[in-house]
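Undergrad: Please see the structure below; I have some questions.
The values are calculated or read from the model by the stated rules, or taken from the named source; none is laboratory data. Please read all numbers here as calculations on a predicted model, not as lab measurements. Here the Cβ positions follow ideal geometry from the backbone for every residue, glycine too, while neighbour counts run over all protein chains shown.
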Amino acid sequence: MQEEVKSGATAVGKYHSHSIPLDMEDIERDWDKPIADAGIAAKASVIVRVGMLDLGAGTGSFRVREMMHRIAYPLNVHVRADVNLTDIQATCTDGKDRITEVVNLPTTGVNTERIWLLEHFADWFSVNLGTGSMYHRETKVSAGLMQHLDMRDASQVSADMAKQLREERHHAHVAERAAASDAAVEDYEAALAAHGSTDGGGEVNETVIDALVKAAGRGDDASERAEQLDLPRGQRGRRQAPAGERTHTNHEITVRDVHNRLDMIERRKPLYSPALSGLASACACASFVFLLGGAPYDMIGAFVGAGLGQWLRRRLFAHHLNQFFVTFVCVAVAAFACVGTLRLIGLFNPVALQHDTAYIGAMLFVIPGFPLITGGLDMAKIDFPSGMQRVMYVLCIILMATLAGWMIASLVHLNPQGFESPQLDPWVNGALRALFAFVGVWGFSMMFNSPQRMCLVAATIGMITDTLRLELVDYGLAPEAGAFVGAMLAGLLASAWRSAVRHRLLPPHLGYPRICLTVPSIVIMVPGMYMYQAMFHLGQFETLLALDWAFRAFMVIICLPIGLAMARVITDKSWRYDV
């Protein structure tokens, strides 16, 4: 038995070369104990590992801390964590013992599916340890997901669980209605037998009316019982238990059970192959080019270049190559592919040779929108170390990308002067903006590894917000103010969507984390062209023009996280008050 435990712990530990291994003696001896009865080392291994997985998925430090506290609370553990871009230093105590763990990630990335699954994991974990759910109201969906993490399409699993839950409720409701009707008939017949059917003047006896009212009330109680029947055994009567209220449960999950589920979340393969990811990138960047004012030839060049660049990027990342090296190489390939495509088209139509700005659109797939936005949100929460690290990471990625773009432009003698917007009817232009905003956000969501349902929700929000932003700018609003309005509206719509799911106005399987909806929907607002123009003019030693474009980009960039933070302040008490 000891060898089996050690083998299992070692198998898990090999996935954590940058953290404390799980085959240490103090964790190993509690491997098959209920997690609630385990020692502080085993509990801390779960808490810190959840934080590590959330951080590795690209979310901000404030969400990582929230998730770690959510896991620690039912374990009666207090945790104090310092979270940065790629490391966590956490101290955990249960009142008598204390332990400090430090984990370091080798790199950073974005995986919105993992962020979503970790929310469901936190609810499953909390409910099984006797506390109420926090993120999702329907705990049965979370429980079903944790039992089917081996399925590739977790989104479909959650949809099936939601459908099963709806059918069970319907059958229970029908059964209770039938039981209530039978009870009403029995009470009515009993009242007639005891007092007669009428009293003198032909009016129904008051005792009969009382019996009917009593039967109707019994139906309401039965309806409440039917709702409880939809929950797994051990969860009845505490579906919406307050965070501070403890309840008892028959489920005892062990340390092994918890880490096994975390293993499955961590080892899940990307939802989309490099080819599909490249196609999504191609669609997103071509749409981005149209929204920036590009013509069809610009869109074609961006489509080919971005698709090839993202495909190569995924293939190189599979070999764990350095991010900055990969960014430089893939941007160069994307720019060459774009220019080559337009030169090839130019053999048949010389007009294509005039589109010197198209290569910028082909490089937009490397925009680090997620760390850019989460860095701003971290600083809004007064977490400057994490926020500044994310911003510096973004600047390094942008520097490598723009440097590669400038070198390609110098080699092939390009002179990007911006896109020349085609003259379209305002109504047609608005409709096309809505279409390409939808496609663009959908493509970026796929690049972030979002399930298709999540992609469609984010794309719908992005279609509304980005189209409104562009229309407002056309009517004279400053681009910076337009970015602020668009980001704030995206945050409000994402909060409204999540609230609708919690109040059962929408199916429970559509309850996605706000950050997985807001960031993809506003990434398309990031002024990538401004950044590339700044670097191009800097390379030409045109410093005034470079500074002009750089400050334009800076003003828009800072307005995006401010808009999202403002939406959170309006809709979330934890953001509204400093506590």
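Undergrad: Given the conditions (1) out of contact with any Pro (no Cβ under 9 Å at 6 or more places or on another chain); (2) assigned to a helix (DSSP H, G or I); (3) among the acidic types (Asp, Glu), report the number of the one that GLU101 does not fulfil.
TA: If we test GLU101 against (1) out of contact with any Pro (no Cβ under 9 Å at 6 or more places or on another chain); (2) assigned to a helix (DSSP H, G or I); (3) among the acidic types (Asp, Glu), just (2) comes out false.
Undergrad: If you take just the helices (runs of 4 or more DSSP H) that sit entirely in segment 493-579, which of them hold at least 1 residues that are more than 22 Å from ASN111 (Cα to Cα)?
TA: So the answer is 528-539, 543-571, 573-576.
Undergrad: Something else now. Residues of segment 350-370 being exposed (fewer than 14 other Cβ atoms within 10 Å of the Cβ) and in contact (Cβ under 8 Å) with a residue 12 or more places away in the chain, which ones?
TA: VAL351
Undergrad: Would you point out the residue of segment 303-317, among those that are of a type in the set (Gly, Ala, Ser) and in contact (Cβ under 8 Å) with a residue 40 or more places away in the chain, that is farthest from CYS396 (Cα to Cα)?
TA: GLY305
Undergrad: All but one of (1) in contact (Cβ under 8 Å) with a residue 40 or more places away in the chain; (2) polar (S, T, N, Q); (3) out of contact with any Ser or Thr (no Cβ under 8 Å at 6 or more places or on another chain) hold for THR467; state the number of the condition that does not hold.
TA: Here THR467 meets the rest and fails (1).
Undergrad: Check whether at least one residue in segment 49-65 is part of a loop (DSSP other than H, G, I, E, B) and within 22 Å of ASP578 (Cβ to Cβ), and report yes or no.
TA: Within segment 49-65, one or more residues are part of a loop (DSSP other than H, G, I, E, B) and within 22 Å of ASP578 (Cβ to Cβ).
Undergrad: Condition first: more than 18 Å from ASN260 (Cβ to Cβ), among the polar types (S, T, N, Q) and modelled with pLDDT of 90 or more. Can you find one or more residues in segment 105-121 that meet it?
TA: Within segment 105-121 (the criterion being more than 18 Å from ASN260 (Cβ to Cβ), among the polar types (S, T, N, Q) and modelled with pLDDT of 90 or more), the answer is yes, since at least one residue qualifies.
Undergrad: Next up: In segment 380-398, what residues are out of contact with any Gly (no Cβ under 6 Å at 6 or more places or on another chain), without any contact (Cβ under 8 Å) to a residue 40 or more places away in the chain and either among the small types (Gly, Ala, Ser) or under 25 Å from LEU545 (Cα atoms) (or both)?
TA: Matches in segment 380-398: MET392, VAL394, LEU395.
Undergrad: Also: Taking the options GLY130, GLY109, name whichever one is within 17 Å of the chain's Cα centre (by Cα) and either outside any strand (DSSP E or B) or of a type in the set (Ser, Thr, Tyr) (or both).
TA: Only one candidate passes the filter, namely GLY109.
Undergrad: In addition: Report, by residue number, each residue of segment 338-376 that is under 27 Å from VAL83 (Cα atoms), of a type in the set (Ser, Thr, Tyr) and at pLDDT below 90.
TA: none
Undergrad: Ok, one more. Could you check, for segment 421-434, whether at least one of its residues is in the same structural domain as ALA500 (by TED's automatic domain parsing), within 18 Å of PRO527 (Cα to Cα) and aromatic (Phe, Trp, Tyr)?
TA: Within segment 421-434, none of the residues are in the same structural domain as ALA500 (by TED's automatic domain parsing), within 18 Å of PRO527 (Cα to Cα) and aromatic (Phe, Trp, Tyr).
Undergrad: Right, something else. I'd like the full set of residues that are over 11 Å from the mean Cα position of the chain (by Cα) and more than 16 Å from LEU493 (Cα to Cα), limited to segment 441-452.
TA: TRP442, GLY443, PHE444, MET446, MET447, GLN452 - these are the residues of segment 441-452 that are over 11 Å from the mean Cα position of the chain (by Cα) and more than 16 Å from LEU493 (Cα to Cα).
Undergrad: Related question: Restricting the first residue to segment 159-178 and requiring it to be farther than 18 Å from LEU505 by Cβ and touching a residue at least 60 places away in the same chain (Cβ under 8 Å), which pairs with a second residue that is hydroxyl-bearing (Ser, Thr, Tyr) and part of a helix (DSSP H, G or I) meet a Cβ separation below 9 Å and a spacing of at least six or different chains?
TA: Filtered contacts from segment 159-178: MET161/SER142.
Undergrad: Please verify whether MET388 is modelled with pLDDT of 90 or more, closer than 30 Å to TYR577 by Cβ, in a helix (DSSP H, G or I) and not charged (D, E, K, R), treating the condition exactly as stated.
TA: yes
Undergrad: Now, a different point. Scan LEU424, LEU505 and give me the residue that is among the aliphatic types (A, V, I, L, M) and within 28 Å of MET151 (Cβ to Cβ).
TA: Of the residues listed, the single one that is among the aliphatic types (A, V, I, L, M) and within 28 Å of MET151 (Cβ to Cβ) is LEU505.
Undergrad: Right, here's the next one. Between a first residue in segment 523-541 that is within 12 Å of PRO416 (Cα to Cα) and a second residue that is modelled with pLDDT of 85 or more and not in a helix (DSSP H, G or I), which pairs have beta carbons less than 8 Å apart while being 6 or more apart in sequence or on different chains?
TA: Filtered contacts from segment 523-541: MET529/LEU292; TYR532/MET363.
Undergrad: May I pose another question? Just checking, does segment 325-338 include any residue being under 22 Å from LEU399 (Cβ atoms) and surrounded by fewer than 17 Cβ atoms within 10 Å (Cβ to Cβ)?
TA: Yes, because at least one residue in segment 325-338 is under 22 Å from LEU399 (Cβ atoms) and surrounded by fewer than 17 Cβ atoms within 10 Å (Cβ to Cβ).
Undergrad: Look at ILE515 and say whether it is of a type outside the set (S, T, N, Q), outside the structural domain of GLN164 (by TED's automatic domain parsing) and in contact with a Lys or Arg (Cβ under 8 Å, 6 or more places away or on another chain).
TA: Answer is yes for this residue.
Undergrad: Quick one: in segment 405-425, which of the residues that are in contact (Cβ under 8 Å) with a residue 24 or more places away in the chain and in a helix (DSSP H, G or I) is nearest to GLY539 (Cα to Cα)?
TA: So, considering only residues that are in contact (Cβ under 8 Å) with a residue 24 or more places away in the chain and in a helix (DSSP H, G or I), the one nearest to GLY539 (Cα to Cα) is TRP406.
Undergrad: Given the conditions (1) closer than 19 Å to MET134 by Cβ; (2) not hydroxyl-bearing (Ser, Thr, Tyr); (3) not in a helix (DSSP H, G or I), report the number of the one that GLY476 does not fulfil.
TA: (1)
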